[in-house]
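Enquirer: Take a look at the following structure, please.
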Amino acid sequence: MTDSAVYLEKLSAFSRLLHMEGLPISPQETADACKILIDLGLADREMVKTALRTVYAKSREEQNTFDRVFDNFFLPEDLIRARNAHLQEEVREQQRRAEEELQLNGQPMDFTQEQKLAYGAMDEENRKRLQDILEKYGDSAARNPGLYDNFIHSIFTRAILEQQMQMEDAGTGGMEADPELGLLYRDISAFQDTEIPKAITLIQSVTRAINGELSAKRSRQGRSSALDFRRTIRKGLETGGSFYRLKYRRKRNRRKHLVLLCDVSGSMVQFSEFALRFIQSLNQASESSRVFLFSEELHEADAFCLQNMDRFRSYVRETGLYGRGTNLGSALEQLNAMKPAVLNPAATLLILSDTKTTGQQRALQALRESKRLAGQVIILNPIPENKWKYLQSARNFASAATMVSCATLRDLGAACRKLVIR
């Protein structure tokens, strides 16, 4: 990452903190501050502080707020070194504790350094629970190591993976602090009812931008290279047979034929609702689209329902799909077999699913058939990509088709932009 990109990322986070403290921060002020930081660097902390204060703080009260936030955000070098030394000592202590406690029959258990650190970061209660398991099954493991070693190791592995996921969640809160921009970075499944109107407004803003980009791209593409002889001759006759104004055939704007397969079982319904709002708003992207909802059964969505997304959840409940299990394999099989064919080489199939389904092998086989029938298959997954490694289903489906993480509105918007503008 370049220095300018690092500075912009750092100042964006700093601007959000100032905004939380009540300072009226604009994007232009952040851009101006970034230019200053690129010119000055971070070598002279007090000079940087003075320069940024002139950009962000106007009144005396704002300056006091700015100084407090700056001192907590841009730490002095000696304090950073002291904190780093303290963190390194904590890491060494966690490794030492893990190596002492992660032993079975007097031999170290086979865990990576990353897993050992996760174990060392566990609270005392969870470590005590795992040690109790070792004590309970230790004698049995000594008598029958082939059976009990694997059993104990699997319990420890699961507990460590849960700890790693918790640590990753704890480390991703920086972008969520801003009450305005935070919704873009918040997990969609965590939206509260009171936040949904604001989230819908953000969707409309993002999709307007994407539609504008797509329209501008098509305008720039202009004519094709093929000369339109008939129009050229007609124009030439208007000027007495002079053919100096050549006419070219216009490129036909080929929009996508979208087929959406949306999981509406349990916790997936909110993600599917927001994803559909995004995709339905991309009026420049799709020539035609068909939407299918599924849980244990497949149901084609009513066009009127999709024009009135405010009733989407009620509509899902009326279909009887909500609150049931998930059978992606059955849904794909029904979609593949439809007559007349829904999937064809001109169609793009978008699957809105977290990949958690009964009959994974059946679903994978049906997915491969869908790839053969459709021009393109993309899975929009609401689970963050850094957690796919913990889910066998996510790993399997990611290896079989293009899968994109869409845990947040920002990710969802980026996926839709990539889908329609490339």
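Enquirer: Identify, by number, the condition in (1) hydroxyl-bearing (Ser, Thr, Tyr); (2) crowded, with 21+ Cβ neighbours inside 10 Å; (3) farther than 23 Å from CYS406 by Cα that SER353 doesn't meet.
Expert: (3)
Enquirer: Now for a different question. Out of the residues in the range 20-54 that are surrounded by 18 or more Cβ atoms within 10 Å (Cβ to Cβ) and at pLDDT 75 or above, which is nearest to ASP67 (Cα to Cα)?
Expert: That would be LEU52.
Enquirer: Hey, another quick one. When both residues are 6+ apart or on different chains and their Cβ atoms are under 6 Å apart, which pairs have a first residue that lies in the range 307-332 and is over 27 Å from ALA394 (Cα atoms) and at pLDDT below 85, and a second that is outside any helix (DSSP H, G or I) and basic (Lys, Arg)?
Expert: none
Enquirer: Oh, and also: Does any residue in the range 30-52 that is in the same structural domain as LEU17 (by TED's automatic domain parsing) come within less than 7 Å, Cβ to Cβ, of a residue that is of a type in the set (A, V, I, L, M) and not in a helix (DSSP H, G or I) six or more places away or on a different chain, and which pairs are these?
Expert: Within 7 Å, the pairs are VAL48/LEU42.
Enquirer: Is it the case that GLU385 is of a type outside the set (A, V, I, L, M) and under 20 Å from the mean Cα position of the chain (by Cα)?
Expert: Here the answer is yes, as GLU385 does meet what is asked.
Enquirer: May I ask you to verify whether SER393 is buried (at least 16 other Cβ atoms within 10 Å of the Cβ) and in a helix (DSSP H, G or I)?
Expert: Spelling it out, SER393 is indeed buried (at least 16 other Cβ atoms within 10 Å of the Cβ) and in a helix (DSSP H, G or I).
Enquirer: Pick from ASP263, ASP310: which is among the acidic types (Asp, Glu) and closer than 18 Å to ILE383 by Cβ?
Expert: That would be ASP263, the only listed residue that is among the acidic types (Asp, Glu) and closer than 18 Å to ILE383 by Cβ.
The values are calculated or read from the model by the stated rules, or taken from the named source; none is laboratory data. These numbers were taken from a predicted model, which means no experiment stands behind them. For neighbour counting, all protein chains shown are included, and Cβ atoms are generated from backbone atoms with ideal geometry for every residue, glycine included.
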